[in-house]
Structure formats: C-alpha cells, structure tokens
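Data first, discussion second: the structure below is written as structure tokens.
The values are calculated or read from the model by the stated rules, or taken from the named source; none is laboratory data. Please read these numbers as outputs of a predicted model, since none were measured by experiment. Cβ coordinates were reconstructed from backbone atoms using ideal geometry, including for glycine residues, and neighbour counts include every protein chain displayed.
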Amino acid sequence: MTAPLLDVRRIYAEPAAAELPRGKDVLARFPDAEVVEVLSHQAVPYTAADVDRWVRIKTEDLVLGVKKSLTARPNGRSSDFVAPSTANGCAMACAYCYVPRRKGYANPITVFTNIDKITGYLARHVGRQGVKQVPDQVDPTAWVYDIGENSDCSVDARISDNVRDLVDLFRDLPTAKASFATKHVNRDLLTWDPQGRTRIRFSLMPYADSKLLDIRTSPVAERLAAIDDFVTAGYEVHVNLSPVVVRDGWLEDWAQLLSDLDDATGPWFKAQAAAEVIFLTHNDRLHEVNLGWHPKAEEVLWRPELQQPKRSQTGGWNVRYRTGFKGQQVSALTELIAQRTPWLRVRYAF
Ligand code: SF4
C-alpha cells in the first residue's frame, strides 16, 4: 500500500505563529498531532541521523512559523518576481529537489501563518510596479509573481488556506498574476475561480525518470489528464519541463512524452501554452544525503563525467552539465519540441 502523502503527528510551532488565526486553523485541521513549541521555525532539531527518516518526517511533521523578511525578489525567468514564501519544504520527495539544500537533513513543510502581512505586502508591491510597459518572455502584460519557489502550492493547499488567499488576491490585481510549478494534482483548486490571474506550471518529465526521481508526486499521466480541467476552471496553464536528465535513451523518452502531451490536451490549452525547459542541476551535499535514502537516483543524477562544478552560495558545490555539451542537448530538445508540439512556445531553455 502507498503511504499517505500527509499523516501529521507532530507540529513544531513558534508560539507567535500558533497564535495567529492561520496557525489556529492549521492546528484545528490536525487535532491529534502533538504540538511542540520551538523558538524559531529554523531551529527544529533535525540532524544528519534523520536522513534515515527522510520521507517519514515529510509525512508526519509540520512546522508553523512567522515569515519575518518580506521581500519580492526580481527573477526574470519563470516569473518577474519571487513572492515572499507562504511555505517552504515539501511532503513530496523529488531526489533532485533544491529546497533541502537550504533546509538541511529534513525538509517537512513549514507553513507561515502571517498570511495577512504577506498578502498586504504583495498587494502594495504590485501597486508600486504600475502597468507593465515592456512585454517580456514571462508575460506580455502582467507582472508575474512566483508564489511557490520553496514548496509545492498544490500540496500546501491541503494544509492551509494560504494558497487560496493568494489566488483570491491576484484575481483582483489586473496588472499581475500569481504562478507556481506543481507536481501534485489537487482538484480542490478547480473550484477557486482564478479568472486567468494564476498560472499553474505543471512539471513534466518522461515516465521512467519520474518513476525513479519524482518520489511521492502525482503520476505524470495524472498531471497530463488534469491540464484541460485546470484551463477550463480558469487557470492559465503552462508546462515546466524539468529537470531534464541526460541519460541513455532520454530524447526518445522525451519524444514520447511530448506526443502524449499533444494527445492529452485540447485547443484551449494549446492556444495559451508555453514551456520552460530546465536541465538538471545537482549538489554534492544533496548527493551525499540521497545516497543515504535513494542511491539508485544518484546513478542518473550524479554524472561527474558529464557535469562541471560551481561553488554554491548556499554551501557545497552545484553541478550542471558541461558547457558545450549542455548547449548541444538543449538544442536537441528544443528542436524536438518544435517537431512534436509545434504549438508549444518555449519561454526559455537552459
Ligand atoms: S515537488 Fe517540488 S518542492 Fe516538492 S520535493 Fe519535488 S521538487 Fe521539491
């Protein structure tokens, strides 16, 4: 039997976060969970020994915190700005996920409960930008805010109303859009009436890669089957083709995936679709952690003969496919997209 995505037994809570209405809502949703007071959401006592309980911690633990620094960081790729997080961490366990690079040896969901401060900050930030004057690859007219850089909003929506509050906020902001990438199909979102002001980017990768690497996510076939429903429900829907993993037979598998995307979706989706294509980056510390719980994944993720290192700002070394080699692979995939899904505009590929 597959383990449930969430079976919350323990909530580490900053007292101030638990006191806020959103904190009380979350505690009420999980009345049987033990509540453990912590001084800071960043001071939950996970250690290297917890790597053995990597997935269990994601299932059973939650953290409640107050987001202190509210800033919208310029981005320019998947969005114009990265909004202040309303959560970080994830109940899913993709082997390549960069979020645990920041959080250390365990990566359960932290929910930030000062949602009113975050939505207030965002509304003011959007107001200050005025109307977008120069179209860019992100969007021709709207300022796009990524609301899920450090978590998966479709799962976050199973824990609190934070994501719904953001979708509600952007519905009424005619100069801006919210956006997030997701690997989880949460059909509750279909009733939220976003009126085109939230862009969901469904992440896709070939089935074989997803089976090995996208642990605990919704199957790729389920994501494909959901796309038209989200378009009909009023979302803008793009696809996030990432991470692209180079291995024997990878291009053939991408060809199949693109054909399946073409078959699974109708003209409404195709008329508004766009893709971002991101080749794999990895990290030496995450590699070490993964060896402790999912060594098979490392056979395709950790390929020193194809990769080059670069000092990471958050610690250790990031690796990416070697310059030159990578350019050839990017061209091969974008040419394949042009052949198989000529309707799919590539917003960027790197
Ligand atoms: S769904 Fe996203 S945030 Fe969650 S583990 Fe996978 S890559 Fe990380």
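Of note:
- In segment 1-47, the qualifying residues are those that are part of a helix (DSSP H, G or I) and of a type in the set (D, E, K, R), and the one that is farthest from ARG158 (Cα to Cα) is GLU19.
- Selection of segment 318-334 for residues being small (Gly, Ala, Ser), farther than 14 Å from LEU280 by Cα and surrounded by 12 or more Cβ atoms within 10 Å (Cβ to Cβ) yields only ALA332.
- Residue tally, condition of a type in the set (D, E, K, R) and not in a helix (DSSP H, G or I), over segment 257-307: 3
- Whether a residue is in contact (Cβ under 8 Å) with a residue 24 or more places away in the chain and farther than 30 Å from GLN137 by Cβ was assessed, and GLU298 passes this test.
- For segment 141-163, a tally of residues being in a loop (DSSP other than H, G, I, E, B) and among the aromatic types (Phe, Trp, Tyr) returns 0.
- In segment 180-193, the residues that are over 13 Å from GLU276 (Cβ atoms) and in contact with an Asp or Glu (Cβ under 8 Å, 6 or more places away or on another chain): THR182, LYS183, HIS184, VAL185, ARG187, LEU190, TRP192
- Candidate set: segment 96-111, residues that are among the hydroxyl-bearing types (Ser, Thr, Tyr) and at pLDDT 85 or above; chosen: the one farthest from the ligand (Cβ to nearest atom): THR110
- The condition of being more than 16 Å from the ligand (Cβ to nearest atom), under 21 Å from the mean Cα position of the chain (by Cα) and not β-branched (Val, Ile, Thr) holds for only one of LEU39, LEU62, LEU122, that being LEU122.
- Hey, VAL231 closer than 29 Å to ILE118 by Cα and in a helix (DSSP H, G or I) or not: yes
- The set of residues from segment 169-195 being in contact (Cβ under 8 Å) with a residue 40 or more places away in the chain, buried (at least 17 other Cβ atoms within 10 Å of the Cβ), away from the ligand (no atom under 16 Å from the Cβ) and assigned to a helix (DSSP H, G or I) comprises just one member, LEU169.
- Residues considered: ALA297, ALA273. Of these, the only one that is surrounded by 19 or more Cβ atoms within 10 Å (Cβ to Cβ) and under 30 Å from GLN195 (Cα atoms) is ALA273.
- Qualifying positions in segment 1-48 - farther than 24 Å from ARG164 by Cα, exposed (fewer than 13 other Cβ atoms within 10 Å of the Cβ) and touching a residue at least 40 places away in the same chain (Cβ under 8 Å): ALA3, THR47, ALA48
- Considering ASP139, ASP156, ASP80, the condition of being more than 14 Å from the ligand (Cβ to nearest atom) and either basic (Lys, Arg) or crowded, with 21+ Cβ neighbours inside 10 Å (or both) is satisfied by ASP80 alone.
- Exactly one residue out of SER242, SER218 is within 16 Å of the ligand (Cβ to nearest atom) and touching a strand residue (DSSP E or B) at 6+ places or on another chain (Cβ under 6 Å), and it is SER242.
- Any chance VAL231 is within 16 Å of the ligand (Cβ to nearest atom), within 21 Å of SER179 (Cα to Cα) and either at pLDDT 95 or above or surrounded by 17 or more Cβ atoms within 10 Å (Cβ to Cβ) (or both): no
- Unique residue being out of contact with any Phe, Trp or Tyr (no Cβ under 8 Å at 6 or more places or on another chain), within 16 Å of the ligand (Cβ to nearest atom), of a type outside the set (Val, Ile, Thr) and part of a helix (DSSP H, G or I) when the list is LEU212, LEU166: LEU212
- Residue in segment 319-347 that is farthest from ALA255 (Cα to Cα), counting only those that are assigned to a loop (DSSP other than H, G, I, E, B) and out of contact with any strand residue (DSSP E or B) (no Cβ under 9 Å at 6 or more places or on another chain): GLY324
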